[in-house]
Amino acid sequence: MDFDRVDDYENVEMTYLSFLSRGYIAKNRHIFEKIELTSFSKFVLQSCVYGTPIFKLGNSGSKLLILSGIHGNELPPQVANLKLLNELIGEDLNNTVYFIPFASPKSTMNNERSFNEVDLNRAAHINGSLSNAIIQAIDDLKIDAVGDFHSTAYNSNPGFESVFSSKNPTPESVLIAKYISDDVGSEIITYDISGSQYKGAVEDVSNLRGIPAVTCEVVSPFASVGAGSSENSFEQMKSFLTYFGF
């Protein structure tokens, strides 16, 4: 994948994963009102008009991915991802960190869980799907670990702040989850084998390919940003990076 340096931001590079997923994030007031509109945030939102952007900071150490927006109506992690990206601009990082704040801008714009009626967290193993394009990027970029960040509502699955992991075939998934749990208090949910409950999650497909991955959940009503939820997701993201000594 070829990245281009972003003008006015010395350590930021970007490219696109898809041009079919474009959307106007600002049309969704439930997320737009929660975004701090820095000049870089405005640039990211403008980039989403053309598709799914991926941003790169740093050029050393482990290659890590912070992903959010697989479900477009799970808003807190998308707010947190953009906040973290803003915070790390200009920092001297020990690792190379890739950010996908809005996996499906169209879905976020419409405040919808699916993209073109496809649940992207059940389609990462299907060639041609948007989430499979993310998997291909993970392979192409030789990503060392993946953090996929979601939100869950009460009375849904799982319905509480948590971090998903699996023991096999990539046991480091569990180590990452334990670190995040100990650090921020998210409850661990661990499966013996990746993909044993359902197929197509980015976390599971990554783990099955030998790339340690976790899925982190915070609690918020779907299609809105509940009180404290974006802050909790932000702390999960920082904990994921801290595991790797960022």
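The values are calculated or read from the model by the stated rules, or taken from the named source; none is laboratory data. Note that this is a predicted model, so its numbers are computed, not measured. In this analysis, Cβ positions are derived from the backbone assuming ideal geometry, glycine residues included, and neighbour counts consider all displayed protein chains. These accessible areas exclude ligands, DNA and RNA; they are computed on the full protein's heavy atoms, side chains included. Shrake-Rupley method; radii C 1.70, N 1.55, O 1.52, S 1.80 Å.
Miscellaneous remarks
- Each 5 Å bin from zero holds the following percent of Cα-Cα pairs in the range 17-64: 5, 19, 22, 22, 16, 11, 5, 1.
- Extreme residue, positive dipole direction of the chain, given options Ser206, Leu64, Asn86 (C-beta unit charges): Ser206
- The Rg/Rh ratio of the chain, with both radii computed over alpha carbons and Rh defined as the Kirkwood radius, is 0.92.
- Ordering of 59-65, 147-153, 130-136 by packing [mean C-beta count within 10 Å, highest first]: 147-153, 130-136, 59-65
- For the range 80-124, diffusion coefficient by Stokes-Einstein and Kirkwood Rh (Cα), 10 °C, 1.306 mPa s, µm²/s: 126
- Accessible area per residue for the range 62-111, computed on protein heavy atoms with a 1.4 Å probe, is 22 Å².
- Taking the protein heavy atoms of the chain in the context of the full set of protein chains, the accessible area attributed to carbon and sulfur is 47 percent at 1.4 Å.
- Taken as Cα centroids, the range 49-112 and the range 165-226 sit 18 Å apart, rounded to the nearest whole angstrom.
- For Ile193, the amide hydrogen comes within under 5 Å of the amide hydrogens of Lys167, Asn168, counting only partners 5 or more places away or on other chains and with H modelled in the peptide plane.
- Pairs from the list Lys83/Lys106; Lys178/Lys238; Lys56/Lys199; Lys63/Lys106; Lys63/Lys238; Lys56/Lys238 with a Cα-Cα gap above 22 Å: Lys56/Lys199; Lys63/Lys106.
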